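To keep things clear, I will list the structure first and then write my remarks on it.
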Amino acid sequence: MNTYICLLRGINVGGHKKIKMADLKTLFTSLGYNDVVTYIQSGNIIFKSHETSIDEMTAVINKAIVSTYGFEVPVFVLTRTMLIQVYENYVLSPECIASSYFTLLHTVPSTKDIALVNNLELPNEHFVVTENCVYIYPEKGYGKAKATNTFFEKKLNVVATTRNYKTIVKLLELSS
């Protein structure tokens with residue numbers, strides 16, 4: 001069986017698109033996934049499956065959420081290896097990593113969009129766009145940052161979801 005990490009974007013934020021983690025665990029189990037574990041309320045699920053097609057799993061999970069909860073949310077399914085690569089490819093200063101954010105991109109942006117965004121400068125915000133992740137270090141905290149998930153989605157014309165360093169590390173730990 002393979003281990004996967006599923007990230008749901010935009011659930012349980014500001015009282016919108018609420019899904020209890022216990023219910024999410026039950027939903028994933030009902031889909032035939034094994035050893036389902038959730039982490040915090042922001043839609044992080046680790047599970048095992050014999051399935052190998054990430055696209056098929058993404059479609060199945062998306063359909064189940066729409067059917068069960070009546071709303072759609074972006075679904076990101078990654079292998080543990082994919083998440084390790086995102087973590088290990090961190091490109092900002094090593095001293096910043098513990099206060100950094102990882103914006104995972106659902107699709108690869110155009111090279112033109114990557115170049116345009118990488119040439120932008122925002123005061124007190126450092127970021128580097130790669131093909132699958134934007135590494136962000138907001139000096140004054142993510143809550144005050146202009147370079148947010150929505151900012152990158154608009155600039156790069158992709159769907160994205162953001163997790164902080166602590167969450168990335170915990171997901172790697174839980175999926176080992």
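Pairs over the 30 Å Cα-Cα cut-off, from the set Lys48/Lys146; Lys20/Lys155; Lys17/Lys146; Lys63/Lys146; Lys20/Lys112; Lys63/Lys170: Lys48/Lys146; Lys20/Lys155; Lys63/Lys146; Lys20/Lys112.
Look at where the Cα atoms of segment 1-58 and of segment 128-176 average out, and the two centres are 19 Å apart. Rg then Dmax, both in Å and based on the Cα atoms of segment 9-51: 10.8, 35. Computed on the chain, the Cα convex hull volume stands at 113 Å³ per residue. One decimal place: the segment Leu122-Ile54 gains 21.0 nm when fully extended, by the rule 0.36 nm per residue minus the C-alpha distance. When the chain is treated as a Gaussian network with alpha carbon springs shorter than 10 Å, the biggest mean-square fluctuation among Val134, Val13, Val60 belongs to Val13.
Counting every pair of alpha carbons in segment 2-81, the share spaced more than 15 Å apart comes to 50 percent.
Scanning residues 5 or more positions from Val159 or on other chains, those with amide H under 5 Å from its amide H are His106, Thr107, with H placed 1.01 Å from N in the peptide plane.
Here is the tail figure for segment 89-174: Cα pairs spaced more than 18 Å apart come to 37 percent of all pairs.
Every number in this text was worked out from the coordinates using simple rules, so none of it is lab data. Just so it is clear, the model here is predicted, and its values are computed rather than measured.
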